[in-house]
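In what follows, a single structure is set out as structure tokens and then discussed.
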């Protein structure tokens, strides 16, 4: 669940919150990130960056990391300038591997210990078949200026999602990816709002995070409070009632039909019936929330800007706020050995939280 920093910038184009988010990004994004995200790179420069290999940097493990995933006993991190880092000791040590792009990487997913995919700017999709040691460029479309934010693949079928409803599909187990339209089935008996009359169909807001429940239901958290659900493996999508008009950056399915969504201003909402109804959960923070994970003991961890860490021991009904420092966090993952790794603006590392 990475790429939230960049999604903030993309959300500026929402006409109702443009000014607020412009101020927010100036406060939250570090100078090096501004150079890569907001600078006026020409199309030629973007194309060149996408086609060149990442630069091997001695301090790459200390730079911005946007997402984490596990590949068997290995942890894989992606982020700034096409960096991909591997750790085989639960985040204590990291090593950078060569990647055929310098585009910012925002999301990563592994189907098993060997097969994985990473996505990012320029609609880049990278694939590995050896646990992250080597990567192949499968897709790049810098001319579209529609970055990808998240990716998931189960069996032969999978999705990569991103800005302005960028929606790509694979039908062959991730060997190839094709662009597709994200078409929403409107159901007035369920949805509590319709698309903006000024927005043409298909749906054109940013798709920020995708997840699949243990029962096979897919959920997408999106810009402007949109939440979508698919009960047929992702072939069709239905808009769910939304508890919030601000952007949501991620969704975490829990037991059965229970799930949480999280996003701007410290908002977490809990549903116990598959997203048909929502309950606001007090968090004690107004920080933007970026990622979530379930730990071995069943507790939930949610990360956020400004070093925010939220923990829940009652399946999402309440959260305790921790803020050990002010270093913004973008991703959290539980390793196979049950270690907890946090990532953010200063890299990724193992953390030992009480009760983990």
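Since every read-out is calculated from the coordinates, none of them should be taken as a lab result. None of the values given here were measured: they were computed from a predicted structure. Don't worry about glycine lacking a Cβ; one is built from the backbone with ideal geometry, like all the others, and counts go over all protein chains shown.
How many angstrom lie between the C-alpha centres of the range 91-142 and the range 227-251? Cα centroid to Cα centroid, the span is 26 Å. Note that the range 279-356 shows a convex hull volume over its alpha carbon atoms of 84 Å³ per residue.
Is the shape of the range 215-356 best called rounded, prolate or oblate, per the rule: a/c under 1.5 gives rounded, else a/b larger than b/c gives prolate, else oblate, with a ≥ b ≥ c the square roots of the Cα gyration tensor eigenvalues? Note, shape of the range 215-356 comes out prolate. Exposure proxy for 151, 227: other Cβ atoms within 10 Å of each Cβ, ordered fewest to most, give 227, 151. Counted by neighbouring Cβ atoms within 10 Å, the residues 300, 327, 294 run from fewest to most as 327, 294, 300. Residues 66, 59, ranked from the fewest to the most other C-beta atoms within 10 Å, line up as 59, 66.
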